[in-house]
Each structure stands twice: as structure tokens, then as C-alpha cells.
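Report on one structure; see the data block that follows.
The values are calculated or read from the model by the stated rules, or taken from the named source; none is laboratory data. Small disclaimer: the values here were computed from a predicted structure and weren't measured. Quick reminder, even Gly has a Cβ in these numbers, built from the backbone with ideal geometry, and neighbours come from all protein chains shown. The accessibility values were calculated without ligands, DNA or RNA, using every heavy atom of the protein model including side chains. Shrake-Rupley method; radii C 1.70, N 1.55, O 1.52, S 1.80 Å.
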Amino acid sequence: MRKYCLVKVKWEDASGQGSWQTLEEARESELATIETCGYIVKTDAHKVVVVGSLDNRGLCMDRNTISKRCIISITRLEKEK
């Protein structure tokens, strides 16, 4: 199985509210700061693709495709061999 880098990606995402609230509450809303841990399986000029699980058949699950414009930081969680 190919070796991928285990990381923690800290990024900002939109937040929402689906019920009635005051305009003041709406004005005070903030972006959500997310921390996603997993394996980087692709990166390009626009995005980073992180998956939570990999198997020996080339399958993965728990995929997050994150815009590079939203990324605050990427921290490597394992030492290089």
C-alpha cells in the first residue's frame, strides 16, 4: 500500500442556523473553525483532499475536499521515515 502523510488540517468553514433567531444573533454569527485529521491523498493549486481511512484494496472513506483558501494550517502528525 502506498504511504500517505498523516496530518491535521485546521480550516474555516461556513456556519448556518436553520431556526428563527433575532437579527442581532445573526449579525454576531462567526465562521466555524474545523480540525480534520487524516491522510492527504491529493493536493493541487486549489484544494487538499484528506481521507480518514485507507485499506489495502485502494479504497478510502471519510473524504474531505478542502479549498486551499480556507486552510489556516496543516500539521504533520507523524515523523518522516
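Brief remarks follow.
- Counting only heavy atoms of the protein chains and using a 1.4 Å probe, Lys42 has close to 100 Å² of accessible surface.
- Separation in nanometres of the label points that stand 7 Å from Cα toward Cβ, at Glu24 and Ile40: 4.5 nm
- With contributions of -39500 (n - 2.57) from each DSSP H run of at least four residues, the per-residue ellipticity at 222 nm computed over the chain stands at -1000 deg cm²/dmol.
- Unit charges at the beta carbon, dipole of the chain: most positive-side option, Asn56, Trp20, Tyr39: Asn56
- You can think of it this way: the chain between Leu77 and Gln17 has 18.3 nm of extra reach, that is 0.36 nm per residue less the Cα-Cα gap.
- The number of Lys pairs in the chain with C-alpha atoms less than 16 Å apart, excluding pairs fewer than 8 positions apart on the same chain, is 11.
- Net length available on complete extension from Ser53 to Arg2 is 17.1 nm, with 0.36 nm assigned per residue and the Cα-Cα distance removed.
- Asp55 contributes an accessible area of around 40 Å² to the protein surface, as traced by a 1.4 Å probe with all chains present.
- Accessible surface of Lys8 - all protein chains present, 1.4 Å probe, nearest 10 Å²: 60 Å²
- Largest first, the residues Trp20, Trp11 sort by 1.4 Å accessible area into Trp20, Trp11.
- The local environment of Trp11, defined by Cβ-Cβ distances under 15 Å, has a net charge of +2 under the rule Lys, Arg +1 and Asp, Glu -1.
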